[in-house]
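**Student:** Quick one: structure below, then a few questions.
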Amino acid sequence: MINAVLHCRAMKPPVLRVAVPSPLRRTFDYLSPVDPAPAPGVRVRVSFGRREVIGVVVGSGPDSEFPRERLKPATLVDSAPLLTPDVTELLRRAATYYHHAPGEVFATALPVALRQGAPAQVRAPRRYRLTGPGRAVDPADLRRAPRQAAVLALLAAHPDGLDEEVLVERLAGARDAARTLAGKGWLSVEERACLQAVPADPAPAPVLHPTQQAAVEAVLAGVGGFGVYLLDGVTGSGKTEVYLRLIEATLARGEQALVLVPEIGLTPQLVERFRRRFAVPVAVLHSGLADGERLCAWLAAREGQAPVVIGTRSAVFTPLARPGLIVVDEEHDPSFKQQEGFRYSGRDLAILRGRLAGVPVVLGSATPSLESLHNANEGRYRRLSLPERAGAASHPAVRLVDLRTQPLYDGLSPELLKALDAHLQRGNQALLFLNRRGYAPALLCHACGHVFDCRRCDARMTLYAGDRRLRCHHCGADHAVPARCPGCGGEQLRPVGRGTERLEEALQQRYGSGVVRIDRDSTRRKGSLANLLGQVHGGDARVLIGTQMLAKGHHFPNVTLVGIVDADQGLFSADFRGAERMAQLIVQVAGRAGRAEQPGEVLIQTHHPDHPLLARLTAHDYGGFAAEALAERRAAELPPFSHLALIRAEAGSLEAALRFLEAAAALARRQPAGVELLGPVPAPMERRAGRHRAQLLLQAARRADLHRLLDGLAPALETLPEGRRARWSLDVDPAEMF
Ligand code: ADP
Ligand code: ZN
């Protein structure tokens with residue numbers, strides 16, 4: 001009998017469900033090369049269409065829905081799973097939840113080299129450097145070891161050291177020579193360049209305030225299991241200090257901490273603070289890394305060599321050998337949601353990851369998202385509040401400036417200018433927030449009224465006066481400002497409205513040098529942000545102008561005045577999240593004022609001083625604002641009181657896009673009820689980059705109803721004939737409605 005089973009098994013190898021790189025929303029079946037089947041998370045090489053591709057085993061079973069003889073064999077790439085069980089399961093569930101192709105979901109999680117089948121080991125690891133004793137060696141002593149002498153000479157010319165690969169390339173036999181020299185202590189070997197530890201901060205960690213202490217204890221009490229904690233603390237209240245203590249405890253248990261942040265490039269100080277506190281290797285993962293660096297950091301996390309892993313949203317998929325804690329800093333930040341391809345929320349998946357790994361998840365923010373506040377209100381998250389600023393700093397005084405009927409100088413009211421003069425005279429710094437880059441959002445002919453629109457988008461061209469260009473912020477179109485109006489040939493071209501570049505010019509005229517602008521344009525080049533921040537911290541810059549980039553966690557201890565140049569931008573947005581975003585930006589930017597000993601002042605310019613949102617914010621009442629906004633969402637049946645999915649389509653004509661969505665709506669109507677269809681309608685910006693866009697919104701009171709419908713609908717959409725003439729995407733829990 002046993003023999004018969006074995007025999008039978010041998011005849012029938014298990015069937016593997018494999019996520020292969022394909023846009024189709026399904027896994028593909030292959031025959032396992034071994035029995036029993038490899039565990040999920042192992043990579044395999046399979047033939048797919050006419051190509052050989054690398055896939056990841058998601059599961060296995062005795063049978064396939066297809067006849068066995070049609071299944072092709074898979075070959076193993078890994079002998080043990082590349083992905084930990086929690087990450088494999090996270091990806092599998094994410095593909096189901098977001099109704100996205102599993103192959104693309106798994107690809108998102110892997111560094112490029114691993115996606116292509118490279119072995120799971122670091123490729124360019126060993127880096128040699130001369131040590132003190134090495135530098136003191138007299139070459140004459142090495143006359144009988146010419147290769148070693150040559151290696152020493154070469155490294156003497158490269159104080160930053162050289163990778164072993166480079167050494168070998170330049171000098172035959174260098175590998176053995178370098179190893180011998182390292183053995184003598186004349187060379188240092190760095191195994192992983194991506195994991196440099198820095199010396200510890202000599203300053204002792206501050207004594208925690210009682211509220212911080214309570215927050216730390218609450219999370220520590222939950223260690224050993226899953227739980228979500230919403231650390232709701234005003235800017236400067238010491239949230240980061242709480243993370244640091246929790247991480248310290250995690251490291252003491254021999255476990256790893258995963259920290260997700262919105263944009264690492266914007267917060268170099270934060271990474272530095274983590275490095276200096278623990279003096280342990282910190283693996284940093286973000287999209288700006290070279291492939292090799294990313295692989296190095298990813299493997300270090302997986303092997304447990306990096307006790308602390310900090311990264312942007314996709315770092316949520318990093319395997320950890322010993323997960324102990326997950327922190328999502330600035331959890332409200334829109335950049336946690338990926339806006340193209342696999343449209344996942346890094347924050348939401350962090351919570352699922354915590355559940356799968358059985359570890360606490362801490363969401364921190366001074367301006368929590370309405371979703372997270374709702375979850376806390378419902379008792380799903382534990383709320384931990386830090387209502388006061390840490391250290392010596394106090395809350396800044398916030399005042400509205402009524403712009404109605406006031407004379408404006410380059411968009412600035414007399415009151416704001418007076419405050420600027422006063423703060424600068426005292427030797428302090430000021431920050432002006434304007435969430436619009438460029439010189440002016442439009443260029444107009446004063447003679448005939450012609451406006452310069454983008455030829456490929458339903459949008460105005462933004463004027464850049466500095467380099468005399470017109471640029472489209474939507475499609476990237478970029479051309480020189482013409483000398484004459486193409487409509488009437490006149491020469492009276494005028495900028496309309498203002499952006500950061502124009503504000504910079506105006507303030508330079510008023511205060512001379514010492515005006516620094518921080519936005520996407522001024523920080524495009526590598527190192528430029530660090531340079532500009534350096535000018536602010538060094539005191540060379542007195543006035544700081546910027547967009548939302550300034551709202552992201554920077555510390556500016558000498559900034560005592562914050563001016564919100566145009567608070568009305570977000571008050572009447574078409575997107576139901578417009579007010580929430582504006583409130584978050586204002587509170588975050590205002591939080592940059594007076595973080596050290598000096599009291600801060602915040603002036604908010606508006607034409608709508610009676611707007612209830614602004615009134616709340618002047619009273620430091622983000623919580624009150626959020627409660628009111630949640631009540632509105634409940635009344636309007638908007639998220640988090642309902643669940644949305646958005647199907648977007650774009651095509652060469654609006655008709656083609658709408659036809660696809662109409663076919664989709666017809667399919668959806670045949671599915672079980674509980675979901676309301678809104679549309680299809682043309683997108684708010686109908687034409688973008690020459691393509692016509694439309695959308696269909698699905699709304700359900702219960703999440704399960706929405707997903708039941710999408711389970712059937714998403715694969716059906718792939719086969720719609722109307723889909724051949726339209727490009728479409730499905731966005732579950734869309735963050736933006738256009
Ligand atoms: P947040 O992350 O909430 O903005 P931080 O943790 O960065 O706040 O703290 C703000 C400032 O207060 C930092 O300079 C930090 O070193 C300091 N700080 C934090 N906690 C304490 C404390 N318990 N005692 C004194 N200073 C503190
Ligand atoms: Zn355009």
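The values are calculated or read from the model by the stated rules, or taken from the named source; none is laboratory data. All values derive from a computational prediction rather than experimental measurement. Here the Cβ positions follow ideal geometry from the backbone for every residue, glycine too, while neighbour counts run over all protein chains shown. Please note that ligands, DNA and RNA were not included when accessible areas were found on the heavy atoms of the full protein model with its side chains. Shrake-Rupley method; radii C 1.70, N 1.55, O 1.52, S 1.80 Å.
**Student:** Counting Lys and Arg as +1 and Asp and Glu as -1, what is the net charge of the other residues whose Cβ lies under 15 Å from the Cβ of PRO319?
**Tutor:** Local charge sum for PRO319: +2.
**Student:** Continuing with this model, one more query. Do any GluC sites (Glu not before Pro) in region 312-370 lie in a DSSP loop with no more than 13 other beta carbon atoms within 10 Å, and if so, which?
**Tutor:** In loop regions of region 312-370 (DSSP not H, G, I, E or B), the sparsely surrounded GluC sites (Glu not before Pro) are GLU340.
**Student:** Run the numbers for ASP63 and GLN535: contour at 0.36 nm per residue of separation, minus the present Cα-Cα distance, in nm.
**Tutor:** Residue separation times 0.36 nm, minus the Cα-Cα distance, leaves 163.4 nm.
**Student:** Can you give me the Cα centroid spacing of region 29-77 and region 486-560 in angstrom?
**Tutor:** The distance from the Cα centre of region 29-77 to that of region 486-560 comes to 55 Å.
**Student:** At 1.4 Å probe size, with every protein chain present, just tell me what the per residue accessible area of region 126-191 comes to in Å².
**Tutor:** Numbers: 3930 Å² over 66 residues.
Spelled out: the 1.4 Å probe surface of region 126-191, per residue, equals 60 Å².
**Student:** Please compute the modelled spin-label separation between GLU248 and ASP402, points set 7 Å along Cα→Cβ, answer in nm with one decimal.
**Tutor:** About 5.1 nm separates the two model spin labels.
**Student:** Let me ask something else. Just the accessible area per residue of region 600-640, please: how many Å² with a 1.4 Å probe?
**Tutor:** For region 600-640, the per-residue accessible area is 44 Å².
**Student:** For ARG634 and ALA145, calculate 0.36 nm times their separation in residues minus their Cα-Cα distance, and state this gained length in nm to one decimal.
**Tutor:** Going from the current span to full extension adds 168.1 nm.
**Student:** Right, next: Put ARG542, ARG724, ARG577 in order of accessible area, largest first, 1.4 Å probe: what do you get?
**Tutor:** If we order ARG542, ARG724, ARG577 from most to least accessible, we get ARG724, ARG542, ARG577.
**Student:** Next up: Using just the helices of the chain, give the 222 nm mean residue ellipticity in deg cm²/dmol: DSSP H runs with n ≥ 4 each add -39,500 (n - 2.57), and the total is spread over all residues, rounded to 500.
**Tutor:** -10000 deg cm²/dmol
**Student:** Please say if the chain is rounded, prolate or oblate, where rounded means a/c under 1.5 for a ≥ b ≥ c the square roots of the C-alpha gyration tensor eigenvalues, and otherwise the choice is prolate for a/b larger than b/c and oblate otherwise?
**Tutor:** Verdict is oblate for the chain.
**Student:** Let me ask something additional. Which of the trypsin sites (Lys or Arg not before Pro) found in region 299-390 are in a DSSP loop and have at most 14 neighbouring Cβ atoms, other than their own, within 10 Å?
**Tutor:** Details: sites: ARG302, ARG313, LYS337, ARG343, ARG347, ARG353, ARG355, ARG380, ARG382, ARG383, ARG389; in loops: ARG343, ARG380, ARG389.
Qualifying residues, ordered by number: ARG380.
**Student:** Can you say what percent of the DSSP beta bridges in the chain, counting only those with both residues inside, are antiparallel? Round to 5.
**Tutor:** Antiparallel: roughly 55 percent of the beta bridges in the chain.
**Student:** Taking the Cβ of VAL57 as the centre, find all other residues whose Cβ is under 14 Å away and add up their charges (Lys, Arg: +1; Asp, Glu: -1).
**Tutor:** 0
**Student:** Same structure again: Per residue, how much accessible area does region 495-537 have with a 1.4 Å probe, in Å²?
**Tutor:** Per residue, region 495-537 has 51 Å² of solvent-accessible surface.
**Student:** Tally up the carbon and sulfur contribution to the accessible surface of the chain as a whole percent, 1.4 Å probe, everything protein left in place. Walk me through the numbers before you get to the answer.
**Tutor:** Values: 16760 of 32580 Å².
Whole-percent figure for carbon plus sulfur exposure: 51.
**Student:** Could you please put CYS472, CYS488 in sequence from largest to smallest accessible area, using a 1.4 Å probe?
**Tutor:** Numbers: CYS472 5, CYS488 65 Å².
Final ranking, largest accessible area leading: CYS488, CYS472.
**Student:** To continue, here is another question. Any chance you could check the Cα centroid distance between region 365-384 and region 683-738 for me, in angstrom?
**Tutor:** If you average the Cα positions of each part, the centres end up 29 Å apart.
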